[in-house]
1. Keeping to the stretch 61-77, report how many residues are farther than 27 Å from Trp21 by Cβ and open to solvent by less than 30 Å² (accessible area, probe 1.4 Å).
2. Aromatic (Phe, Trp, Tyr), more than 19 Å from Leu4 (Cβ to Cβ) and open to solvent by 50 Å² or more (accessible area, probe 1.4 Å): is that true of Tyr109 in this structure?
3. Inspect the stretch 79-97 for any residue being at negative phi and in a loop (DSSP other than H, G, I, E, B) and give the result as yes or no.
4. Tally up the residues in the stretch 33-56 that are surrounded by fewer than 17 Cβ atoms within 10 Å (Cβ to Cβ) and either in contact with a His (Cβ under 6 Å, 6 or more places away or on another chain) or in contact (Cβ under 8 Å) with a residue 60 or more places away in the chain (or both), please.
5. For a quick check of your reading of the model, give me the residue pairs whose first member lies in the stretch 91-104 and is surrounded by fewer than 18 Cβ atoms within 10 Å (Cβ to Cβ), whose second is part of a helix (DSSP H, G or I) and among the acidic types (Asp, Glu), with beta-carbon atoms closer than 7 Å and at least 6 apart or on different chains.
Amino acid sequence: MPILGGVRRDLLDALEFARRWTTTGGGEDELPEPDEKIIDDALPARLGGDVYEATRLALAWCSVEGWQPPALAVLCRSAEVRRRYASAILPSCRELVALERHDLTCLAYALAVLDDEPLVVLHKPTGTGFEVRIGGIGDNFQ
């Protein structure tokens, strides 16, 4: 799936950007906002590596939120797609969200949707229990 492959690649590149940025310049509090103004002549020295690699990582940092709409369109259409790709993408998405520089909340929720999950439902008045399977559930409010 090209879209979700691009999402995964840019999430990993954005995390690598953050790792290199904080290694050479300070703590997580000093991570830059995702703005292309950070791409300048000093970037390769700051991130290490060559100009192409530093620019690729910085562009991922700046553009990762742009992947959210197409990724949601794909993830919300198919339980099979979510099952196949979510486990590979969700950890890096959550890690990037934890840095508090990107709003990827919708993507994280879509990746965490439960499909074909077993659930035991208890009917208190009768004490009857039912084993059911649920799908398309994103959180406990649904």
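The values are calculated or read from the model by the stated rules, or taken from the named source; none is laboratory data. Please read these numbers as outputs of a predicted model, since none were measured by experiment. For neighbour counting, all protein chains shown are included, and Cβ atoms are generated from backbone atoms with ideal geometry for every residue, glycine included. The protein model used for the area step is the full one, side chains on, heavy atoms only, and it has no ligands, DNA or RNA in it. Shrake-Rupley method; radii C 1.70, N 1.55, O 1.52, S 1.80 Å.
1. Matching residues across the stretch 61-77 total 2.
2. Values: aromatic (Phe, Trp, Tyr): yes; more than 19 Å from Leu4 (Cβ to Cβ): no; open to solvent by 50 Å² or more (accessible area, probe 1.4 Å): yes.
It is false that Tyr109 is aromatic (Phe, Trp, Tyr), more than 19 Å from Leu4 (Cβ to Cβ) and open to solvent by 50 Å² or more (accessible area, probe 1.4 Å).
3. First, pick out the residues of the stretch 79-97 that are at negative phi: 79-97.
With the extra rule that they be in a loop (DSSP other than H, G, I, E, B), the set shrinks to none.
Looking for residues that are at negative phi and in a loop (DSSP other than H, G, I, E, B), one finds none in the stretch 79-97, hence no.
4. 1
5. Final answer for the pair search is Leu99/Glu28; Asp103/Glu65.
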